[in-house]
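The values are calculated or read from the model by the stated rules, or taken from the named source; none is laboratory data. These numbers were taken from a predicted model, which means no experiment stands behind them. For neighbour counting, all protein chains shown are included, and Cβ atoms are generated from backbone atoms with ideal geometry for every residue, glycine included. Please note that ligands, DNA and RNA were not included when accessible areas were found on the heavy atoms of the full protein model with its side chains. Shrake-Rupley method; radii C 1.70, N 1.55, O 1.52, S 1.80 Å.
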Amino acid sequence: MSTKELKKNNIIENALKLFSTKGFYNTTIPDIAKAMKMSVGNMYNYFASKEELAKYAIKYSTNILAEQLRKINHMDISSKEKIFLFTKLYLENVKNSPEIIEYFLRVYLSNREVFAQGCEGFLCVSEFVTEVMIFLDEGASKGEFREQDFFSAFSMIMGCLGGFAFLSGEKVLDKDLLEYSDNIAENIYRALKSDDET
Amino acid sequence: MMKHKPKIVWLQAITCNGNTHSLLSANPSRFELLLNTFDFFYHPSITTEKTLDDVLNLKEIDFLLLEGAVTSNKQFYQISDSSVTDLLKKVSKKSKYIISVGSCASYGGIHAKFEENSDIKGLQDTLNIVELKKLKQPIINLTGCPVHPEWILQTLFTLKEFGVISLDMQSRPKDIYYGLAHHGCTRNEYFEWKVEAKSFGHKEGCLFYEEGCRGPMTHSNCNRILWNDVNTKTRAGMPCIGCTEFDFPRDNMLETKKNIGIPSEVPFGINKRAYLTITGVAKTFKIDRLNKKLIE
Ligand code: SF4
Ligand code: SF4
């Protein structure tokens, strides 16, 4: 990675924290520049606008998940084990870098107008969606998952995980987040599994 | 180059006659050229003065063409008291070039699925090529159900002029089978932007995602050398059913096999991950022109 890219990622990481705690509209470029100890003018050398930064940030954060799922997809384990592993990694992300998932829930999903141009549909999250497709396709072709519509299966996984990140963000959970991991994974698995699987 | 008028002998085994019909619907001037250039010595469905005995008495045959699947079991099929296999063994020894015309002759085709007789094969699995001393090239497979008439003509003329034709791994002429049925289909733009056909027979939409089109994984030039010089299945709104490939005929040919909504096979030679990413992105854009009727 070039120094410029490293710097860009560094800005994104700081911006994610601010966006996810203060919200998109309450965060300004000078705020981010301050967190970076950079001049506002220099910030614009990296991102032309706050909207552009927001779009980069969504790609950056979902690509972290995409990479984790890609690694799991390449593993020689059952689809059930993959669900358990991915759920655990996901919840670890929520716990250790809450800003990544919070950004997704509280900025990306809540401020669609910011992402309408250039990030519509799957455009900025396509790498992650592709990994979910590969994961479902393999599970179904091996007979571990039953046949169903892609979107119903997709929302089952992501709705469940996203919902839990939300609960965690709201601090309403009474146990440590990771203690729920196997239960959540089991729920996802049961929703997807073929009738022949135990 | 062959100076004399090369002799063609066309034999038929277990067949529906489809390839013969196809040949007879060749472009008329091309067909005339064929008859003027070659000595079409024998064809069981075409009236000539020659009999099968005349074929057996020939010293040399330039082109032996077989249509239909082969069986050695006389209970199921025989010609003049001999099994197809025996007859072919005799005739093939005299032949310089042997061409399997159609999928059945190439590898048994649909007949090979007949469970009562496990001995139905293609020509290349029947003959022992080492015994064929006169043969100048491996047995050529012209797969297809049926074969396009132009594929027969092109193969014969190439061999007459140049003596060899280069073949792919399946022993099919490369020049005919290098590309895909998808190349030249009038629906390519719909394929790229993932706009699906609403049903069969419409002008709009691509038949890949729902109707089972095998164009992107089938080697043929159907959409470049048109049928009857005017049209093809996919242009007319009928999916390509992959008739030139060795897994033909498959089950449920008018459906796209999917796993949780994701096509289980993607276009030939394309990485599935890359394909899914690109199609997911393409689907995001709604292009008005491609969602309208072409003729209002
Ligand atoms: S209809 Fe078939 S051949 Fe035509 S573009 Fe679609 S997939 Fe390709
Ligand atoms: S379009 Fe496909 S099914 Fe039709 S003739 Fe060509 S290869 Fe065969």
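Structure values in brief
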{"item": "Cα centre as origin, Lys/Arg/Asp/Glu Cβ charges: segment B:179-290 dipole, Debye", "result": "260 debye"}
{"item": "Buried area at the A-B interface (accessible, heavy atoms, 1.4 Å probe, summed, Å²)", "result": "1500 Å²"}
{"item": "For chain B, cysteines whose Cβ has no other cysteine Cβ within reach (under 4.7 Å)", "result": "B:Cys16, B:Cys104, B:Cys185, B:Cys206, B:Cys213, B:Cys222, B:Cys240"}
{"item": "Viscosity 1.567 mPa s, temperature 4 °C, Stokes-Einstein D of segment B:227-276 from Kirkwood C-alpha radius, µm²/s", "result": "99 µm²/s"}
{"item": "Cα Rg, Dmax (largest Cα-Cα span) when computed across segment B:179-290, Å", "result": "13.5, 40"}
{"item": "Cross-link table A:Lys80/B:Lys194; A:Lys7/A:Lys171; B:Lys198/B:Lys258; A:Lys171/B:Lys283; A:Lys4/A:Lys37, entries beyond 26 Å C-alpha to C-alpha", "result": "A:Lys80/B:Lys194; A:Lys7/A:Lys171; A:Lys171/B:Lys283"}
{"item": "Rounded to 10°, Cα long-axis angle of helix A:79-96 versus longest principal axis of chain A", "result": "30 degrees"}
{"item": "Between helix B:28-37 and chain B: long-axis angle, C-alpha atoms, 0 to 90°, nearest 10", "result": "30 degrees"}
{"item": "Accessible area of B:Glu32 in the full protein assembly, 1.4 Å probe (Å², nearest 10)", "result": "110 Å²"}
{"item": "Partners for B:Lys174 among lysines (Cα-Cα distance below 25 Å; same-chain residues under 8 apart left out)", "result": "B:Lys7, B:Lys96, B:Lys121, B:Lys133, B:Lys134, B:Lys136, B:Lys160, B:Lys233"}
{"item": "Residue with peak Gaussian network fluctuation, chain A [Cα springs, cutoff 10 Å], from A:Asn111, A:Asn93, A:Asn73", "result": "A:Asn111"}
{"item": "3J(HN,Hα) from dihedral phi, segment B:97-104, Karplus parametrisation 6.51/-1.76/1.60, rounded to Hz, x for glycine, proline", "result": "10, 10, 10, 7, 9, x, 5, 5"}
{"item": "Filtered chymotrypsin sites (Phe, Trp or Tyr not before Pro), segment B:64-138: DSSP coil and at most 15 other beta carbons within 10 Å", "result": "B:Phe114"}
{"item": "Size of the protein assembly as shown as Cα extents on the principal axes (Å, biggest first)", "result": "97, 51, 47"}
{"item": "Interchain or long-range residues, amide H under 5 Å from B:Ile79's placed H", "result": "B:Val84"}
{"item": "Angle in degrees between helix B:149-162 and the longest Cα principal axis of chain B, rounded to the nearest 10", "result": "60 degrees"}
{"item": "Among B:Leu254, B:Leu142, B:Leu33, residue whose mean-square fluctuation peaks in a GNM of chain B (springs only between Cα atoms under 10 Å)", "result": "B:Leu33"}
{"item": "Surface/4 estimate of mean projected area, convex hull on alpha-carbon atoms of segment B:7-173, nm²", "result": "9.2 nm²"}
{"item": "Chain A pair-distance distribution - Cα-Cα, 5 Å bins, rounded %", "result": "1, 7, 15, 18, 18, 15, 11, 7, 4, 2, 1, 0, 0"}
{"item": "Accessible-area order (highest first, 1.4 angstrom probe) of the listed residues A:His74, B:His43", "result": "A:His74, B:His43"}
{"item": "Two-site FRET efficiency, B:Asn128 against B:Asn17, from Cβ-Cβ distance with R₀ of 25 Å, rounded to 0.05", "result": "0.35"}
{"item": "Computed FRET value (nearest 0.05) for B:Lys50 with A:Lys95, which takes r as the C-beta separation and R₀ as 56 Å", "result": "0.05"}
